[in-house]
Amino acid sequence: MKVTQTLCAILACVWIAACATSLPPPTATFDGIQQLRAAEIAPLALGDFTRAPELPEARDKSIAIRADSLQPPKGGTFSSFLRQTIEADLKGAGRLDPAADRILSAQLTRSDISTFGSNSRGALGARFRVTQKSAIIFEKQVTVEEEWPSAFLGAVAITDASNHYTGLYPKLWAALLADPEFRGAAR
């Protein structure tokens, strides 16, 4: 009887722990700061970061990873998480200026994760725009994808997927920073 009770208690704890995970707020990354400085980006202001019409609203607020759901910090949205990721690096590099004449904004267009099968996959995409005096000087869709071996155990697969998915945000920002057209518009 004690084995059954213990097993039920363990399963209950696993089920409760696997309900929802909230991401911590993003912090500046060394790579992002170095890439910003190397690209000689002028100070930028940040505009609206929203969900694109083609992205379901629910996907901007939560993403399912097996028995878990991953959520942005403090009940926010993944589009605002993208903004916070970029803001952290801009602040860290001394390139964030709310009064700058160039304004970076984005619409989150893709937010996918799959942990089934032998390989897990994640993808993140956004349509970025830079405006100057209300004129659009840059607009482009940027998407990043990642694939990694999938773990059979749910707890391992969920943790791996959460880490890889969260890592897509600085990777998307890095892809934008590497774009020569963006660098030209943001100088």
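The number of residues in segment 1-38 that are at pLDDT 50 or above, surrounded by 10 or more Cβ atoms within 10 Å (Cβ to Cβ) and of a type in the set (Val, Ile, Thr) comes to 4.
Can you work out which of the residues in segment 136-152 that are within 20 Å of the chain's Cα centre (by Cα) and open to solvent by less than 20 Å² (accessible area, probe 1.4 Å) is modelled with the lowest pLDDT? The extreme case among them is Trp148.
Being out of contact with any helix residue (DSSP H, G or I) (no Cβ under 9 Å at 6 or more places or on another chain), surrounded by fewer than 17 Cβ atoms within 10 Å (Cβ to Cβ) and not aromatic (Phe, Trp, Tyr) is a property that Ser162 lacks. Taking Ile41, is it among the β-branched types (Val, Ile, Thr), at pLDDT below 95 and either buried (at least 16 other Cβ atoms within 10 Å of the Cβ) or touching a Lys or Arg at 6+ places or on another chain (Cβ under 9 Å) (or both)? Considered against the rule, which asks whether it is among the β-branched types (Val, Ile, Thr), at pLDDT below 95 and either buried (at least 16 other Cβ atoms within 10 Å of the Cβ) or touching a Lys or Arg at 6+ places or on another chain (Cβ under 9 Å) (or both), Ile41 comes out as yes. Is it fair to say Ile33 is over 22 Å from Asp160 (Cα atoms), hydrophobic (A, V, I, L, M, F, W, C) and over 18 Å from the mean Cα position of the chain (by Cα)? The answer is no for Ile33.
With respect to the conditions (1) at pLDDT below 95; (2) of a type in the set (Gly, Ala, Ser); (3) within 20 Å of Ser79 (Cα to Cα), Ala186 falls short on a single one, namely (3). Just need a number here: residues in segment 66-80 that are surrounded by 18 or more Cβ atoms within 10 Å (Cβ to Cβ) and either more than 13 Å from Ala157 (Cα to Cα) or under 15 Å from the mean Cα position of the chain (by Cα) (or both). Of the residues in that region, 7 qualify.
Out of segment 102-125, which residues are open to solvent by 40 Å² or more (accessible area, probe 1.4 Å) and either at pLDDT 95 or above or in a helix (DSSP H, G or I) (or both)? Break it down stepwise before answering.
Let us first name the residues in segment 102-125 that are open to solvent by 40 Å² or more (accessible area, probe 1.4 Å), namely 102-103, 107, 110, 112, 114, 116-119, 121.
Arg102, Ile103, Gln107, Arg110, listed by residue number.
The values are calculated or read from the model by the stated rules, or taken from the named source; none is laboratory data. Given the structure is predicted, the values throughout are model-derived calculations rather than measurements. Positions of Cβ are backbone-derived with ideal geometry, glycine not excepted, and every protein chain shown enters the neighbour counts. Accessible surface areas use protein heavy atoms only, side chains included; no ligands, DNA or RNA. Shrake-Rupley method; radii C 1.70, N 1.55, O 1.52, S 1.80 Å.
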